[in-house]
Amino acid sequence: MTPPREEGPRTACCICGNDNASTFLEVSGKSIVRCRACGLVYTADFHQADTLYAGEYFTGPGRYVERDDTFRSLFEPLVEKIRRIKPCGTFLDVGTGVGVLMEVASGKGFAVKGVEVSNWASAYAREKKGLDVVSGRIEDAGFGDASFDVIVLNHVLEHVEAPKFLLAEIRRILKDDGLLVIGVPNAGSLMGALLGARWASWRPDEHIWHFTPATLLTLVKAGGFDVIRWEAKDNSHVTGWGAKDLAQRVINAISVMANKAEAMLLFARKGKRVTT
Ligand SMILES: [Zn+2]
């Protein structure tokens, strides 16, 4: 099976295939639209620059290599949540980046593998950290059926051209009692509504799909998964106590309570069937 690779501007919704969308927002000269049929918000005419995931993406100021420790402190609690459902076993990190989640999961006893489209990042994870990372797309990795107990897509699905294809491949390589974990930004968040085009997670050069809880659920269910746990996560890591920090803390607390946090995390198991 090969994934659909579209030529030219992207116009169709990845959930229902409809190309009838209304204007939603303009961000940095890029048009973000909303599918009239299912409500999915997406970047119209998305075009990914060939060099997007080159070294600079990971090594630039404030980027992944520099913030290794920050990500480690975020991934520790994530892996603990996973362990409460799956205490050990084989673990695949899709979209490994520079390998921090793999290191944390490995440190907690999982047998970890990764797959990463960026040649730069996958080479870094292999050479600097000794991790087992395949360069390329998941379908290039040749994983066998029912190979993994846990598969994680942490802030990856919004970047992927063909999410339904990816979920189908994940369903094939996940064990029948395996666990799928997906984290994505929440386009229905309170901060998104308050900041409009200034919200940091639109990133129309990188993010194709802007999921809300409803559209993510539709996609995951259609892909043949049953959601077993759902979490609103705030994305703004506030450390200070100044006036601005306090305002952000209040917004975060309200957002989480209202299920309108800036990011969402879901845990799912294989369901009975895939809807096409
Ligand atoms: Zn749609």
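Exactly one residue out of VAL160, VAL134, VAL152 is open to solvent by 30 Å² or more (accessible area, probe 1.4 Å) and within 12 Å of the chain's Cα centre (by Cα), and it is VAL160. Residues of the stretch 26-43 that are within 13 Å of the ligand (Cβ to nearest atom) and part of a loop (DSSP other than H, G, I, E, B): ARG36, ALA37, CYS38, GLY39, LEU40. When residues in the stretch 129-158 are screened for being at pLDDT below 95 and more than 22 Å from VAL79 (Cα to Cα), 7 of them pass.
With respect to PHE75, is the statement that it is part of a helix (DSSP H, G or I), modelled with pLDDT of 90 or more and surrounded by 14 or more Cβ atoms within 10 Å (Cβ to Cβ) true? Against the criterion (part of a helix (DSSP H, G or I), modelled with pLDDT of 90 or more and surrounded by 14 or more Cβ atoms within 10 Å (Cβ to Cβ)), PHE75 qualifies.
What do you reckon, is ILE82 open to solvent by less than 40 Å² (accessible area, probe 1.4 Å), within 16 Å of the ligand (Cβ to nearest atom) and under 30 Å from ALA222 (Cβ atoms)? For ILE82, the condition - open to solvent by less than 40 Å² (accessible area, probe 1.4 Å), within 16 Å of the ligand (Cβ to nearest atom) and under 30 Å from ALA222 (Cβ atoms) - is not met.
Each row is one residue, and each column tells you yes or no for (1) touching a residue at least 24 places away in the same chain (Cβ under 8 Å); (2) among the hydrophobic types (A, V, I, L, M, F, W, C).
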{"site": "ILE228", "(1), (2)": "yes, yes"}
{"site": "ALA243", "(1), (2)": "no, yes"}
{"site": "ALA247", "(1), (2)": "no, yes"}
{"site": "ILE251", "(1), (2)": "yes, yes"}
{"site": "LYS272", "(1), (2)": "yes, no"}
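Would the stretch 47-64 turn up any residue that is outside any loop (DSSP other than H, G, I, E, B), more than 9 Å from the ligand (Cβ to nearest atom), at pLDDT 90 or above and open to solvent by less than 30 Å² (accessible area, probe 1.4 Å)? Within the stretch 47-64 (the criterion being outside any loop (DSSP other than H, G, I, E, B), more than 9 Å from the ligand (Cβ to nearest atom), at pLDDT 90 or above and open to solvent by less than 30 Å² (accessible area, probe 1.4 Å)), the answer is no, since none of the residues qualifies.
The values are calculated or read from the model by the stated rules, or taken from the named source; none is laboratory data. Quick caveat: nothing in here was measured; it's all calculated off a predicted structure. Note that we place each Cβ from the backbone using ideal geometry, even for glycine, and neighbour counts take in every protein chain shown. Remember, those area values only see protein heavy atoms, side chains included, never the ligands or the DNA or RNA. Shrake-Rupley method; radii C 1.70, N 1.55, O 1.52, S 1.80 Å.
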